[in-house]
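Enquirer: Submitted below is the structure of interest, expressed as structure tokens.
The values are calculated or read from the model by the stated rules, or taken from the named source; none is laboratory data. Note that the coordinates shown come from a computational prediction; the quantities given were computed from them, not determined experimentally. Neighbour counts run over all protein chains shown; Cβ positions are idealised from the backbone, glycine included. For accessibility, only protein heavy atoms count, side chains too; no ligands or nucleic acids. Shrake-Rupley method; radii C 1.70, N 1.55, O 1.52, S 1.80 Å.
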Amino acid sequence: MVNLEIILTAVILSFAFLSFLYFFSKNTKIKKNNSSDNKLEDAIKDISLGQQQLVGSLKAISDTHASTQTAIIKHVETRLEEVQKSISTSLNGTSVKTAQTLGELQQRLQTIDKAQTNIEKLSGDVLSLQEILSNKQARGIFGEIQLIDIVKKALPSDAFDFQFTLSNGKRADCIIYLPEPQGNIIIDSKFPLEAFNAMVAAKTEIEKSKSSQFFQSTIRNHIKDIAEKYIIEGETADGAILFLPSEAVYAELHANFSKLVREGFQSRVWIVSPTTLMATLNTMRAILKDERLRKQTGKLRSQLELLYKDLGRLESRVTNLDKHFSLAARDVDELKVSAKKANRRVFNIERFEFDDFSSIEKESSKIVIGSQKIESKSS
């Protein structure tokens, strides 16, 4: 485009220069020959013709350049539209995927929020449990509540009592009423959590040794306390149960302190956890069931005797009912005979046949004799 403007400028300048020369040659006062003037005019005409041709060529070039430029602009516009459509489609797809991803992300965030809420609630429950277990009195109540829940699920309501006072004035957490020769057995809840936590938290050998001795002395004191308070000859069984409301403490005791378990056996104190207590109570429930069945044996025998008498009366009444049915059947047969005789008599009277009355009497006498035999058999 810049080159075309330069060429046009050059052509215009040359045309102006030639016009000036021509005008100058016309008006000059210098005398020249006619031949020179003709040549100059021819030259000027040739230059003018060449200029016209050059202008035509430039015009053609300009038209071609304009059409080419228009085609290029149309092509560029078409490509721009295609690119715009492609970008729009891509942006739409990306926006849809982004919306879906954001929706999924929002759902996951909601799930995380719910989980966070549950975790916070669980953390609060754990802190509450830690507060309960850190207090010795509250810890004892926690063990008693767990003991009550297990006993109520395993035994009938009349087979136990809680906070029972013995003849020595000592109050037991629970007493189970078992028949002789077992006798009533006491269950007392103990929770040596401080000694257990100290043993778990110990790091050095000295701390482990001290905490282990503290744990053993605590369990040993509990065993001695239960043996002295809750085993009374003639009032309770010859043994008692120490309930540990923690499976971890129970497992630690049996895994690393079996000597304490043997000491409990020697003192007739059996140490149980929630799981082993449930198994022990199931055994007690079987004992109670057998004892109740044994006590009910006499009542069961008397009821069987009454049932035997009822069956005898039932048999007699069925026999009497059979007799009544036999008599009723005989009466029905006699009614049939009477109806038949009456029907035959009417039929014979209509036909004036009076000789068949004797045969009717014979048939009726046979039926009566047969019914008498049936009655004699039933009696």
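Enquirer: Tally up the residues in the range 159-176 that are open to solvent by 10 Å² or more (accessible area, probe 1.4 Å) and part of a helix (DSSP H, G or I), please.
Expert: So the count comes out to 0.
Enquirer: How many residues does the range 270-326 contain that are in contact (Cβ under 8 Å) with a residue 60 or more places away in the chain and open to solvent by 90 Å² or more (accessible area, probe 1.4 Å)?
Expert: 1
Enquirer: A further question follows. Which of the numbered conditions does SER189 fail, given that it passes all the others? Conditions: (1) at pLDDT 85 or above; (2) surrounded by fewer than 18 Cβ atoms within 10 Å (Cβ to Cβ).
Expert: Every listed condition holds for SER189 apart from (2).
Enquirer: Given the options PRO156, PRO179, name the one that is open to solvent by 40 Å² or more (accessible area, probe 1.4 Å) and touching a residue at least 60 places away in the same chain (Cβ under 8 Å).
Expert: Values: PRO179 fails: open to solvent by 40 Å² or more (accessible area, probe 1.4 Å).
None of the other options fit; the residue is PRO156.
Enquirer: Shifting gears a bit: Which one is farthest from THR165 (Cα to Cα) among residues in the range 226-251 that are of a type outside the set (A, V, I, L, M) and open to solvent by less than 50 Å² (accessible area, probe 1.4 Å)?
Expert: Within the range 226-251, the subset of a type outside the set (A, V, I, L, M) is 228-230, 233-236, 238-239, 243, 245-247, 250.
If we keep only those that are open to solvent by less than 50 Å² (accessible area, probe 1.4 Å) too, we end up with 230, 236, 239, 243, 245-246, 250.
Values: TYR230: 10, THR236: 12, GLY239: 17, PHE243: 18, PRO245: 22, SER246: 26, TYR250: 27 Å.
The extreme case among them is TYR250.
Enquirer: Of ILE271, ILE287, which residue is of a type in the set (A, V, I, L, M) and touching a Gly at 6+ places or on another chain (Cβ under 9 Å)?
Expert: Working: ILE287 fails: touching a Gly at 6+ places or on another chain (Cβ under 9 Å).
Result: ILE271 is the single residue among ILE271, ILE287 that is of a type in the set (A, V, I, L, M) and touching a Gly at 6+ places or on another chain (Cβ under 9 Å).
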